[in-house]
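Just below is one structure, and these are the notes that go with it.
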Amino acid sequence: MIHINNFANGALNPAMSYVVSCVGCFLGLRCTTRARAHQGAARARWLTLAALSIGTTGIWVMHFIAMLGFAIPGDTIRYNVPMTILSMVIAVIVVGIGVFIVGFSRGTGNGPLLLGGTIMGLGVASMHYLGMGAVRVQASLTFNSALVAASVIIAVIAGTAALWMALRLDSVWSTFIASLIAGVAVNGMHYTGMAAVQAQAAPGLVVNTADTAGATAFLLPLILGLSGVGFIFSAIIALSPTAAEIVEESELMKRIGQSQAAQAVQAAQSQAGRYEPRGWQPPPSQPYQPYQAPRDEAGPDEPGSLFRPRRPSDQRLMLATSA
């Protein structure tokens, strides 16, 4: 049995992988809050951004930053390039499947959440072990079955929890706390899977180095490039309106359209001699009543009952319309 070191650089790789995972999950969760306020193609675009943020930065980049600390004494670790890229594509696809299942589901139960979380967790675990399959070393790598099963269970729980948070959290602070928890889950899954790895000497083993590259020559530039993409995502999210602002603007434009239609009807009746204008009367004031979406069935503006965006109060919309 050969000793495997998952912390060749000390606490640097675990700390960096945790921070990157939290950033990716935070960006993805903020994208889902925007998706709540949209319908159709606009919702799909925000959910796609969420899948890219979580799948690349939150999961894949985290995995291979941690793998930079993986070492076998006396051996050089190389990675199969096509398989490594395929693992990233799988991470994005499975996260996308999960968020689209809950994002466009019209069900009222937890079925879509559990289905999406299970698919997402199994996909994340597949990405992890496919990434491990890309490792090329002069040793025979095996896995402890119990720890592999534990890592898959952690991945499914983490995927379900991530989707639940994507559906329920609105504020920046709650999303920030949720991303810290999600980072712990993703890193816990990774290092549980790495604890399952066992290396045994194989003197006659011939390693196929075709289509392979070293970690510093291949992984490091790719990680830096994806981190730059994450920065672009951050700028897009920071400059875009929040979910509450999107919903408020939609409701305001609807009220303005109704008001303009009513004025057009009054003008037509006045010209026909059947209407005498009485002057504009302000609507009676009402106490502040924050909007609460129905919990049992979706309204006309809520295609998926799992998405319940925070809507502005009627009084704020009335004041904005009258202004």
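The values are calculated or read from the model by the stated rules, or taken from the named source; none is laboratory data. All values derive from a computational prediction rather than experimental measurement. In this analysis, Cβ positions are derived from the backbone assuming ideal geometry, glycine residues included, and neighbour counts consider all displayed protein chains. Each accessible area value is taken on the protein alone, full model and side chains, heavy atoms only, with ligands, DNA and RNA left out. Shrake-Rupley method; radii C 1.70, N 1.55, O 1.52, S 1.80 Å.
Here the condition is being at pLDDT 90 or above, open to solvent by 20 Å² or more (accessible area, probe 1.4 Å) and assigned to a helix (DSSP H, G or I); of Ile101, Ile97, it holds for Ile97 alone. Residues in region 161-177 that are in contact (Cβ under 8 Å) with a residue 60 or more places away in the chain, surrounded by 14 or more Cβ atoms within 10 Å (Cβ to Cβ) and not polar (S, T, N, Q): Ala162, Leu163, Met165, Ala166, Leu167, Leu169, Asp170, Phe176. Looking for something without any contact (Cβ under 8 Å) to a residue 24 or more places away in the chain, farther than 29 Å from Thr216 by Cα and either open to solvent by 10 Å² or more (accessible area, probe 1.4 Å) or out of contact with any Gly (no Cβ under 8 Å at 6 or more places or on another chain) (or both) - is there at least one such residue anywhere in region 115-132? Yes. Being small (Gly, Ala, Ser), over 22 Å from Ser126 (Cβ atoms) and at pLDDT below 90 holds for only one residue in Ala41, Ala15, and it is Ala41.
Among the candidates Leu147, Leu180, the residue that is part of a helix (DSSP H, G or I), open to solvent by 20 Å² or more (accessible area, probe 1.4 Å), among the aliphatic types (A, V, I, L, M) and closer than 19 Å to Leu27 by Cα is uniquely Leu180.
Once region 1-19 is narrowed to residues that are closer than 16 Å to Leu219 by Cβ and free of Cβ contacts under 8 Å to residues at least 60 places away in the same chain, the residue that is farthest from the chain's Cα centre (by Cα) is Leu12. Does at least one position in region 105-121 carry a residue that is outside any helix (DSSP H, G or I) and in contact with a Phe, Trp or Tyr (Cβ under 6 Å, 6 or more places away or on another chain)? No. Would you mind stating whether Leu141 is assigned to a helix (DSSP H, G or I) and touching a residue at least 12 places away in the same chain (Cβ under 8 Å)? Answer is no for this residue. I'd like to verify a number: residues in region 213-232 that are of a type outside the set (A, V, I, L, M, F, W, C) and modelled with pLDDT of 75 or more, how many? Here the count works out to 4. Checking the stated criteria, Pro203 turns out not to satisfy the condition of being touching a Leu at 6+ places or on another chain (Cβ under 8 Å) and either open to solvent by less than 60 Å² (accessible area, probe 1.4 Å) or in a loop (DSSP other than H, G, I, E, B) (or both). When restricted to residues that are open to solvent by 10 Å² or more (accessible area, probe 1.4 Å), under 27 Å from Ile2 (Cα atoms) and either among the basic types (Lys, Arg) or touching a His at 6+ places or on another chain (Cβ under 6 Å) (or both), region 34-84 contains 1.
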